[in-house]
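*Asks:* There's a structure below that I have some questions on.
The values are calculated or read from the model by the stated rules, or taken from the named source; none is laboratory data. Just so it is clear, the structure is predicted and the values come from calculations on it, not from any experiment. Glycine gets a Cβ as well: all are built from the backbone with ideal geometry, and neighbour counts include every protein chain shown.
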Amino acid sequence: MELNMESLRKRKRESIDEVPKKRKIETPESEKDGTNQSLIKASKRPGSPIQESIVSKRKRGEEMGGKADDGSSVSPKADTEQLSGTTTAESPPIIVTGLESFTFHKIIGEGASGKVILATHQASQTQVAVKRVKKRLLLHKSRDKILIERQVLEMTRKSPLISRAFTTFQSQDYLFYVMEYLSGGDLRNLLTIRAPFTIPAIRFLAAELICGLQFLHSRGIIHRDIKPDNILLDSIGHLKIADFGLAVMNIFGDTKTSGCAGTLFHMAPEILQKKPYNTAVDWFSAGVVICKMATGRHPFYRGKIGGAIVKAIINEDPVLPNEMDPQLKAIIEGLLDKSPESRQKFVDNIRDHPFFKEINWTDIEEARACPPFQLPPPPVMTSEKIKHVLSFTETIQPPIAETDQNLFSGFTFANDGWKVIKQIPKPVRSNRRTFGSIVKDAFHSIWRRIKPWK
């Protein structure tokens, strides 16, 4: 009996061992993908936890300027990066290359060499001032100084007291300078409205003008056309030196240059006498500007006869009111000294003058000081557009020779602060059919069929 029981157990174990093992079924890759796709579709159903998480992340990313989950890149600081030069791997920078990048509104300045037009840069929606200069005029007047203004603007881009150029480009007949738009206008307009200025206003603007000129002179640049028209103001009231069309470079130490350049009423005596000169000529022009801020008048002659003003500047002393602040009078007389050597010696110690004892020169250099006056509100932005920025008369003239065009080689440049991030495409959201939309469509379909029966 025991043997029979043992034999039964042995047979049972053998039968168990003979049962075939279950094979591991390999899922084809196509079926795997289908399974994953079904999971993905399930995760995207409206109201699912995964979909709600994706929507919330996308919304948060759009608000914070981060990355959307659909792979489109957004700059974390879109507004500042457009002018700061910061770029991302997903959004390479675009350099402005032509007029198609702008919408032009109105002419805000006009001179002998060209026009300044208020424009909007389309990609960043930034207001800029586009200066347009005729190539033919430069070729006719100063072929050897074609690139000087562009070089000066590139050298002075880090000073907050110099009008900043974002980029430059050219067409067949024109040069274009894309400048920051300064809504405060120029000093000439402010003089017309408010002159004479208060002592605090004169002290502030004179200090910024001094720092701006010292910045230029330290880099060997003579402006040669300092006047109220070329001194601009931003929306707050900080001064910006502009228009370097007559500037000369590489004037250091005892180096001098020559040539009659500038605006007659603001020229230094040595220029009018056709003598070699250096950076001291800019200080004479600054003295004329400060006198106009203090009195509203020219310090030498108030008529319109050219010969008389030349004689007055060379031979006469400035005419200043007796009631003028003595320290301010000393500043003006020191800057209007007939001797360029004495004038320069006076300027070397001008920051220590009692008139500027309340000035923090570091704040002035960095444009951090608060202006002691309030400017009128900036003009309302016009919605009008200028369609024809280029003069139609240029098209009928023969093209500029290739040898002359070569003189403008190297004109195009972009400031480090003018990198524009590509506009971000909006996420594409597919319209998914829900039970409610199906019922709604069915109702409208039935209604369209029974409506004609009424």
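*Asks:* Could you list, in sequence order, the residues of segment 257-312 that are touching a Cys at 6+ places or on another chain (Cβ under 9 Å) and more than 29 Å from ALA201 (Cα to Cα)?
*Replies:* ILE271, LEU272, LYS274
*Asks:* Same structure, new question: Would you check if PRO371 is touching a helix residue (DSSP H, G or I) at 6+ places or on another chain (Cβ under 7 Å) and not hydrophobic (A, V, I, L, M, F, W, C)?
*Replies:* yes
*Asks:* Please indicate, with yes or no, whether at least one residue in segment 262-276 is among the charged types (D, E, K, R) and touching a Gly at 6+ places or on another chain (Cβ under 7 Å). Walk me through how you get there before you give the answer.
*Replies:* Within segment 262-276, the first condition is being among the charged types (D, E, K, R), and the residues that meet it are 270, 274-275.
Keeping just the survivors that are touching a Gly at 6+ places or on another chain (Cβ under 7 Å) gives none.
No; the residues of segment 262-276 include none that is among the charged types (D, E, K, R) and touching a Gly at 6+ places or on another chain (Cβ under 7 Å).
*Asks:* Could you list all residues from segment 329-354 that are surrounded by 20 or more Cβ atoms within 10 Å (Cβ to Cβ) and over 20 Å from ALA280 (Cβ atoms)?
*Replies:* Selection gives nothing.
*Asks:* Moving to a separate point now. Please note which helices (runs of 4 or more DSSP H) are completely contained in segment 346-451 and include at least 1 residues that are over 22 Å from the mean Cα position of the chain (by Cα), at pLDDT below 95 and not assigned by TED's automatic domain parsing to the domain that holds LEU232.
*Replies:* On the way: elements: 361-365, 402-405, 435-450.
The qualifying helices (runs of 4 or more DSSP H) are 402-405, 435-450.
*Asks:* Only one residue in ASN189, ASN230, ASN250 is of a type in the set (S, T, N, Q), in contact (Cβ under 8 Å) with a residue 12 or more places away in the chain and either closer than 24 Å to LYS131 by Cα or touching a Pro at 6+ places or on another chain (Cβ under 9 Å) (or both), so which one is that? Reasoning before the result, please.
*Replies:* Values: ASN189 fails: in contact (Cβ under 8 Å) with a residue 12 or more places away in the chain; ASN250 fails: either closer than 24 Å to LYS131 by Cα or touching a Pro at 6+ places or on another chain (Cβ under 9 Å) (or both).
Exactly one of ASN189, ASN230, ASN250 is of a type in the set (S, T, N, Q), in contact (Cβ under 8 Å) with a residue 12 or more places away in the chain and either closer than 24 Å to LYS131 by Cα or touching a Pro at 6+ places or on another chain (Cβ under 9 Å) (or both), namely ASN230.
*Asks:* Among the numbered criteria (1) under 24 Å from LEU161 (Cα atoms); (2) of a type in the set (A, V, I, L, M); (3) part of a helix (DSSP H, G or I), which single criterion is violated by ILE251?
*Replies:* All conditions pass for ILE251, except number (3).
*Asks:* So which of ILE231, ILE199, ILE251 is crowded, with 23+ Cβ neighbours inside 10 Å and at pLDDT 95 or above? Spell out the reasoning first.
*Replies:* Values: ILE199 fails: crowded, with 23+ Cβ neighbours inside 10 Å; ILE251 fails: crowded, with 23+ Cβ neighbours inside 10 Å.
ILE231 is the lone residue from the list that is crowded, with 23+ Cβ neighbours inside 10 Å and at pLDDT 95 or above.
*Asks:* Of the residues that sit in segment 101-124 and are at pLDDT 85 or above and outside any strand (DSSP E or B), which one is farthest from MET249 (Cα to Cα)?
*Replies:* Ranking the qualifying residues of segment 101-124, first place goes to GLN122.
*Asks:* Now, a different point. Among the residues of segment 158-168, are any in contact with a Lys or Arg (Cβ under 8 Å, 6 or more places away or on another chain), of a type outside the set (Ser, Thr, Tyr), assigned by TED's automatic domain parsing to the domain that holds ALA119 and within 15 Å of PHE411 (Cα to Cα)?
*Replies:* Yes - at least one qualifying residue is present in segment 158-168.
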